[in-house]
Amino acid sequence: MKYPITYILAILAMAAFFSGTVLAADFEGRTKCSSCHKSQAKSWNDTAHAKAMESLKPGTRKEAKIKAKLDPDKDYTQDKDCVGCHVDGWGKKGGYTVEAPKKPLAAVGCESCHGPGKSYRGDHRKGGQAFESKGTTMQRKVLADKGQDFHFEEACSACHLNYEGSPWKGAKAPYTPFTPEVDAKYTFDFDKMVKDVKAMHEHYKLDGTFVGEPKFKFHDEFQANAKEKVADKKDKKGKD
């Protein structure tokens, strides 16, 4: 080989590229997020997104399924044309699969909106620890560069606006049968729905660990009206 060093460097560069992008897209499941964000997780448990897989089971949401011309007695939890919009990470590395279903990925959880946790969770945790011990803040760009999604409108549109004739340009088969033509309640307005705590979760006061851009467009509004976090038993013991 005439230029062995050049070729070796090229191979190493390709390996670094794939390990830093494609391989980084690992979904861990909401258990990891919930260990710190307890208040948000508890609130999320009462939302429609938390029950997303339940709605695919036989006998559930019968009226809605009949209206959408679906069989209300069919088990859609095994239907690959349906499952993708009811779980975390469908079709992505580490995401939910029908063949090897993982309970922490079943339902529309944290990573469906905020991105695959394995890529940025370590930095997120370190940022929290540094703020707690020294009051040091972390730029959100550090997390965004690792894959945390601070906007997630496209993630929502990928399911809620994925029907034929949709105003969303990314629509493609398999399409959702729950369209505005079936029922007006399926008309999706991101700016309105992202504020619906029955669909998302309650918002709680954040400590101020992360600063700078990118910042979710309703971040300041949510924080202005956010609830105080509910201390868990371990936290309460530490304060007594």
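Return a yes/no flag: does the range 147-158 have any residue that is in a helix (DSSP H, G or I), open to solvent by 80 Å² or more (accessible area, probe 1.4 Å) and closer than 21 Å to residue 201 by Cα. So far as the range 147-158 goes, yes, one or more of its residues are in a helix (DSSP H, G or I), open to solvent by 80 Å² or more (accessible area, probe 1.4 Å) and closer than 21 Å to residue 201 by Cα.
Picking from residues in the range 71-99 that are under 12 Å from the mean Cα position of the chain (by Cα) and not β-branched (Val, Ile, Thr), the one that is farthest from residue 61 (Cα to Cα) is 95.
Looking at 120, 163, which one is modelled with pLDDT of 95 or more, open to solvent by less than 40 Å² (accessible area, probe 1.4 Å) and in contact with a Lys or Arg (Cβ under 6 Å, 6 or more places away or on another chain)? Step by step, each of 120, 163 is checked, and only 120 is modelled with pLDDT of 95 or more, open to solvent by less than 40 Å² (accessible area, probe 1.4 Å) and in contact with a Lys or Arg (Cβ under 6 Å, 6 or more places away or on another chain). Taking the range 35-64 as the range and being in contact (Cβ under 8 Å) with a residue 24 or more places away in the chain and over 14 Å from residue 107 (Cα atoms) as the test, the residues that pass are 36, 37, 38, 39, 40, 42, 43, 64.
Conditions (1) among the aromatic types (Phe, Trp, Tyr); (2) closer than 20 Å to residue 110 by Cβ, marked per residue:
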| position | (1), (2) |
| --- | --- |
| 164 | no, no |
| 167 | no, no |
| 172 | no, no |
| 175 | yes, no |
| 191 | no, no |
| 205 | no, yes |
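From the list 199, 155, 106, 130, the lone residue that is on the phi < 0 side of the Ramachandran plot, of a type in the set (Gly, Ala, Ser) and over 14 Å from the mean Cα position of the chain (by Cα) is 130. For the range 85-112, filtering for residues that are among the charged types (D, E, K, R), touching a Phe, Trp or Tyr at 6+ places or on another chain (Cβ under 7 Å) and either assigned to a helix (DSSP H, G or I) or crowded, with 18+ Cβ neighbours inside 10 Å (or both) leaves 2.
The values are calculated or read from the model by the stated rules, or taken from the named source; none is laboratory data. In this text, all values refer to a predicted model and were calculated from it rather than measured experimentally. Reconstructed Cβ throughout: ideal geometry from the backbone, glycine too, with neighbour counts over all protein chains shown. With ligands, DNA and RNA removed, areas are computed over all heavy atoms of the protein, side chains included. Shrake-Rupley method; radii C 1.70, N 1.55, O 1.52, S 1.80 Å.
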